[in-house]
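Here is the structure we will look at.
Read-outs: derived from the displayed coordinates by stated rules, not from any lab. Small disclaimer: the values here were computed from a predicted structure and weren't measured. With ideal geometry, Cβ positions are generated from the backbone for all residues, glycine too; neighbour counts draw on all protein chains shown.
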Amino acid sequence: MSTSAENTVIESPEDSAITTTQTDNKPATDYAEILYNGIWKNNPALVQLLGLCPLLAVTSTVVNAIGLGLATLIVLVGANAAVSLIRNHVTEAVRLPAFVMIIASFVTSIELIMQAYTYELYQILGIFIPLIVTNCAILGRADAYAARNPLLPSIVDGFMMGMGFMIVLILLGAMRELVGQGTLFTDMSLLFGDMASNWKITVFSDYPDVLFAILPPGAFIGLGFLIATKNYWDQKEKARLDKLKANQEKVSRRVRVTG
Amino acid sequence: MALLRITSPHTQRTGHRTAWIMQMVILATLPGLLVQTWLFGWGTFIQVLIAIATALVCEAAVLKLRGRSIMFFLQDYSAVLTALLLALALPPSVPWWLTVTGVAFSIIVAKQLYGGLGNNPFNPAMIGYALLLVSFPVPMTQWFGAYEVTAANEVMAFTDSIKLIFTGAIEGAHAVDAYTIDAYTMATPLDAFKHKEGLMSSEAFATLPALQPANINAFFWINMAYLAGGLFLLYLRVITWHTPVALLSALAIIAGFFYIIDSSNAASSWFHLTTGAAMFGAFFIATDPVSSCTSNRGKLFYGAGIGILIYIIRTWGGYPDAIAFAVLLMNFAAPFIDYYAQPRTYGHKEAKKGLKTGGDNP
């Protein structure tokens, strides 16, 4: 299952952000690295900017965001696992159709499950459930990671990427719901059943609905602010590290001169 | 030897700094502001004050965050002008928080996030207006009518305007709130004409209260006031004639074309030019030097594009007037137009570009 597939590793377009962990002597996969990549450094929504269509379209409330995020997460994990299993048995020529078939099967299953258990949410999300098939984040992970990594790392990678995507979805959903309607967690019962019926928090009472935030332009601007915030943090962290490095270099140089 | 450092064109007095241009535009809006106050009460005047205060606070706050010199940029009056233009475009009765939201969005998002004055691809005032119109369609379409044709039959008093804007309701003889404000408001002539619902033009003008001469004249005088302000700016050479003339003639020609084809359903060019925000848009919005075209030939295409879009959105679109959306759409196109409308340098031949490679090419 986890044999090193050196001679069958498919040559695929370079993906600079991913460091393949496979070498001749198979070092232990760095799961912390996968986590960091999925949630922060290579976040599908904030850095790769993949899957923007559902991201922008359905994040008008938290419950919609969680619904779509969960569906995408499950598809990502399933697709990564399946692709990883067949990675040594499909040729390069047919790999993309094979991946798409796998993804489409998972999406169809999810769609049927949602139709059975969360029918109202299924109706609200509408076309965006079947459209998960076209979410580039999923095909991207299948091709860039799962197609050349063993089963367990692939599953973890799918889970972390899905989590990164879902976190952004929920953040954006919360922002838009708060600005648009002045509430948080409305209609959570659509997803979590009757126990969630009183989870709704009315932050501002007597609030005029700001349609702009609920409509797609609000999603674009909200996502812009999220990306800007992430870049700001990254920049600050980089400046801090650079400063640290510069200080260290200064110290070592002085040592060399006097020594 | 006196070495004068004056950039071309050598037709203006020197020392026309940004602040002077902004001040002149502000001055040129005064006739419009006065007529709007005269006809529709003190609402617009109060909105202007709210907007300017908000703009200055927002501009100072963002400049502080960006680590720029606060007083230097506040003194160029650009934030004041943006706020003023947005406030003039708002209905007089909108609640104060709506004006504050719109101006804050204009200054913070549409202007400063793009890099401040000179870097904004879109007209900040119109971004704020579009945001408000999309978000709060009900208060944003409650325009006052001329007092002769409204139920209240008088211009709203100063204290009542303040009460309405800050508390949302007026008590007393003319008690109104957000729901009963119909006593003062009515559809604008453009809106009434757009929704005449199967009436012929002549019937609409005969029966609809918003299309009575008193109401049409009110909007006519507002347009004339802005036209006067615009001519003042032309005289000072703060703006060139290209954009407004192209805009107004494109609007008049396309409106005239459809009026000739179907005069029982379409409105005349005169109606389109004098009952909406055409003059305000042509002289004060479309001529924004930052977000419009820079070459003179480009300005002609830019203005004509806005004029045509205004007619299209007014006639077949979802909103009664269209200055904001038309200007924003053409702001998108302005760099593209400028690229193809570059003036030829003196002494150079026409550039060979695109598919126009003639036979003399190797």
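List of remarks:
- For chain B, the membrane-span-like helix rule (DSSP H, alpha carbon extent of at least 18 Å along the helix axis, mean Kyte-Doolittle at least 0.5) picks out B:18-40, B:43-66, B:213-235, B:242-261, B:296-316, B:323-340; this says nothing about an actual membrane.
- Under 5 Å, built H, 5+ apart or other chain: amide partners of B:ILE170: B:VAL176, B:ASP177
- Computed with the Debye formula from one identical point scatterer per Cα of the range B:37-171, without solvent, the log10 of I(q)/I(0) at q = 0.09, 0.10, 0.13, 0.17 Å⁻¹ comes to -0.28, -0.34, -0.55, -0.85.
- Pairs from the table (A:LYS200/A:LYS230; A:LYS238/B:LYS64; B:LYS64/B:LYS111; A:LYS41/A:LYS236) lying more than 19 angstrom apart at Cα are A:LYS200/A:LYS230; A:LYS238/B:LYS64.
- When chain B is treated as a Gaussian network with alpha carbon springs shorter than 10 Å, the biggest mean-square fluctuation among B:PHE301, B:PHE40, B:PHE336 belongs to B:PHE336.
- Peptide ranges A:37-46, A:100-109 listed from the most packed, as the mean C-beta count within 10 angstrom indicates: A:37-46, A:100-109
- Per-residue mean of C-beta atoms belonging to partner chains within 10 Å, peptide A:202-211: 2
- Separation in nanometres of the label points that stand 7 Å from Cα toward Cβ, at B:GLU148 and A:TYR36: 7.7
- Modelled FRET efficiency - R0 35 Å, A:LYS238 with B:GLN23, Cβ distances, 0.05 increments: 0.20
- Relative contact order, percent, the range A:31-258 [alpha-carbon distance under 8 Å, six or more residues apart]: 31
- FRET efficiency, 1/(1 + (r/R0)^6) with R0 30 Å, evaluated for A:ILE227 and A:TYR119 via beta carbons: 0.30
- Applying the Karplus relation 6.51 cos²θ - 1.76 cosθ + 1.60 with θ = phi - 60° to the range A:130-138 yields 3J(HN,Hα) values of x, 6, 4, 3, 8, 5, 4, 4, 6 Hz, where x marks Gly and Pro.
- Seen from B:LEU113, the other residues with C-beta closer than 14 Å to its C-beta sum to a net charge of +2, counting Lys and Arg as +1 and Asp and Glu as -1.
- Distance between the C-alpha centres of the range A:156-222 and the range B:189-206: 43 Å, rounded to the whole angstrom.
- Rg and Dmax over the alpha-carbon atoms of the protein assembly as shown stand at 30.2, 101 Å.
- Estimated inter-spin distance, B:LEU30 and A:PHE220, nm [label 7 Å along Cα→Cβ]: 3.9
- Shielding of peptide B:127-137 by partners, expressed as the average count of other chain Cβ atoms within 10 Å per residue Cβ, is 3.
- Cα-projected label distance for A:ASP209 with B:ALA53, points at 7 Å along beta-carbon direction, nm: 3.1
- At R0 = 56 Å, FRET efficiency that the Cβ-Cβ distance of B:LEU65 and B:GLU197 yields, to 0.05: 0.65
- Taken residue by residue and averaged, Cβ atoms of other chains lying within 10 Å of the Cβ of B:90-96 number 0.
- The GNM of chain B, with springs linking C-alpha atoms under 10 angstrom apart, assigns the highest mean-square fluctuation among B:SER69, B:SER295, B:SER269 to B:SER69.
- Over the C-alpha atoms of chain B, the Rg to Rh ratio, Rh being the Kirkwood estimate, stands at 1.01.
- Scattering profile of the range A:31-258 at q = 0.08, 0.11, 0.14, 0.16 Å⁻¹ [log10 I(q)/I(0), Debye over alpha-carbon scatterers]: -0.37, -0.63, -0.90, -1.09
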